[in-house]
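Q: Take a look at this one; I'll ask things after.
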Amino acid sequence: MRRKTIGDQELALLQYIGENEPTSVGEVATAFGEARGLARSTVLTMMERLRTKGYLQRAQQDGVYRYHTTAEQQDVVNSAVGSFVEKTLQGSISPFVAWMSEKAAVSDNELAELEALVSKLQSQRRED
């Protein structure tokens, strides 16, 4: 079953929880929410929406619900990127590549990753 898509704020929250799991609503509201001007109730609503969408699970420990992710973070990011490319860029990666070429700071590691991806794509194309 395909999961429902998530927005930017939900993705950031999910990544935060993934890096700090298991965690409670109070902990997330303090460390994640306050820096973004989000009330505890907003953080709770977002976490419960992510749970309903299947991205989070919760278990009660010492009277407090502690949340953890259900998917690998890379899978979630890949899904978000795929959704962005399909919906916003109408399936074309050209606008993204153009943006990347104008981006001022591409690290050596990022450039190496891009070169490896291009090499992999070229190899796959030769096999077809």
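The values are calculated or read from the model by the stated rules, or taken from the named source; none is laboratory data. This one's a predicted model, so the numbers in the text were calculated from it and none came from an experiment. All Cβ positions, glycine included, derive from the backbone under ideal geometry; neighbour counts span all protein chains shown. The protein model used for the area step is the full one, side chains on, heavy atoms only, and it has no ligands, DNA or RNA in it. Shrake-Rupley method; radii C 1.70, N 1.55, O 1.52, S 1.80 Å.
Q: Is there any pair with a first residue in the stretch 37-56 that is within 18 Å of Ser79 (Cα to Cα) and touching a residue at least 40 places away in the same chain (Cβ under 8 Å) and a second that is of a type in the set (D, E, K, R) and open to solvent by 40 Å² or more (accessible area, probe 1.4 Å) whose Cβ atoms are under 8 Å apart and which are 6 or more apart or on different chains, and what are they?
A: Lys53/Arg3; Lys53/Lys4; Gly54/Arg3; Gly54/Lys4; Tyr55/Arg3
Q: May I ask you to list the residues in the stretch 17-34 that are more than 14 Å from Arg58 (Cα to Cα) and modelled with pLDDT under 95?
A: Glu19
Q: Could you look through the stretch 57-82, keep only residues that are hydroxyl-bearing (Ser, Thr, Tyr), out of contact with any Asp or Glu (no Cβ under 8 Å at 6 or more places or on another chain) and modelled with pLDDT of 85 or more, and pick out the one that is farthest from Val28 (Cα to Cα)?
A: Selected residue: Thr70.
Q: Also, I was wondering about something else. Just need a number here: residues in the stretch 27-56 that are of a type outside the set (Val, Ile, Thr) and surrounded by 14 or more Cβ atoms within 10 Å (Cβ to Cβ). Spell out how you get there, then give the answer.
A: Of all residues in the stretch 27-56, those of a type outside the set (Val, Ile, Thr) come to 27, 29, 31-41, 44, 46-51, 53-56.
Checking which are surrounded by 14 or more Cβ atoms within 10 Å (Cβ to Cβ) leaves us with 27, 29, 32-33, 38, 40, 44, 46-51, 53, 55-56.
Total meeting the criteria: 16.
Q: With (1) in contact (Cβ under 8 Å) with a residue 60 or more places away in the chain; (2) in contact with a Gly (Cβ under 7 Å, 6 or more places away or on another chain) as the list, and Ala80 as the residue in question, which single condition is left unmet?
A: Of the numbered conditions (1) in contact (Cβ under 8 Å) with a residue 60 or more places away in the chain; (2) in contact with a Gly (Cβ under 7 Å, 6 or more places away or on another chain), the odd one out for Ala80 is (2).
Q: Something else now. Given Leu89, Leu117, which one is of a type outside the set (D, E, K, R) and not in a loop (DSSP other than H, G, I, E, B)?
A: Details: Leu89 fails: not in a loop (DSSP other than H, G, I, E, B).
Result: Leu117 is the single residue among Leu89, Leu117 that is of a type outside the set (D, E, K, R) and not in a loop (DSSP other than H, G, I, E, B).
Q: Looking only at the stretch 83-109, which residues are modelled with pLDDT under 85, of a type outside the set (A, V, I, L, M, F, W, C) and surrounded by 10 or more Cβ atoms within 10 Å (Cβ to Cβ)?
A: Ser83 - this is the single residue of the stretch 83-109 that is modelled with pLDDT under 85, of a type outside the set (A, V, I, L, M, F, W, C) and surrounded by 10 or more Cβ atoms within 10 Å (Cβ to Cβ).
Q: Look through the stretch 92-110, keep the residues that are among the aliphatic types (A, V, I, L, M) and outside any helix (DSSP H, G or I), and return whichever of them is nearest to Leu56 (Cα to Cα).
A: Taking the stretch 92-110 as the starting set, the residues that turn out to be among the aliphatic types (A, V, I, L, M) are 93, 97-98, 100, 104-106.
Pick out the ones that are also outside any helix (DSSP H, G or I) and you get 93, 104-106.
Details: Ile93: 30, Ala104: 36, Ala105: 34, Val106: 33 Å.
Selected residue: Ile93.
Q: Quick one: is Thr5 out of contact with any Lys or Arg (no Cβ under 8 Å at 6 or more places or on another chain) and of a type in the set (Ser, Thr, Tyr)? Show your work before the answer.
A: Values: out of contact with any Lys or Arg (no Cβ under 8 Å at 6 or more places or on another chain): yes; of a type in the set (Ser, Thr, Tyr): yes.
Yes; evaluated as a whole, the condition is true for this residue.
Q: Now a separate question. For the stretch 83-120, which residues satisfy the criterion of being closer than 30 Å to Ser24 by Cβ and of a type in the set (A, V, I, L, M, F, W, C)?
A: First, the residues of the stretch 83-120 that are closer than 30 Å to Ser24 by Cβ: 83.
Residues satisfying the conditions do not exist here.
Q: Looking at (1) assigned to a loop (DSSP other than H, G, I, E, B); (2) closer than 15 Å to Leu11 by Cβ; (3) out of contact with any Lys or Arg (no Cβ under 9 Å at 6 or more places or on another chain), can you tell me which one Ser83 breaks?
A: (1)
Q: Related question: Kindly evaluate Asp62 against the criterion of being at positive phi, acidic (Asp, Glu) and open to solvent by 60 Å² or more (accessible area, probe 1.4 Å). Don't jump to the end; show me each part of the working.
A: On the way: at positive phi: yes; acidic (Asp, Glu): yes; open to solvent by 60 Å² or more (accessible area, probe 1.4 Å): yes.
Yes, satisfied.
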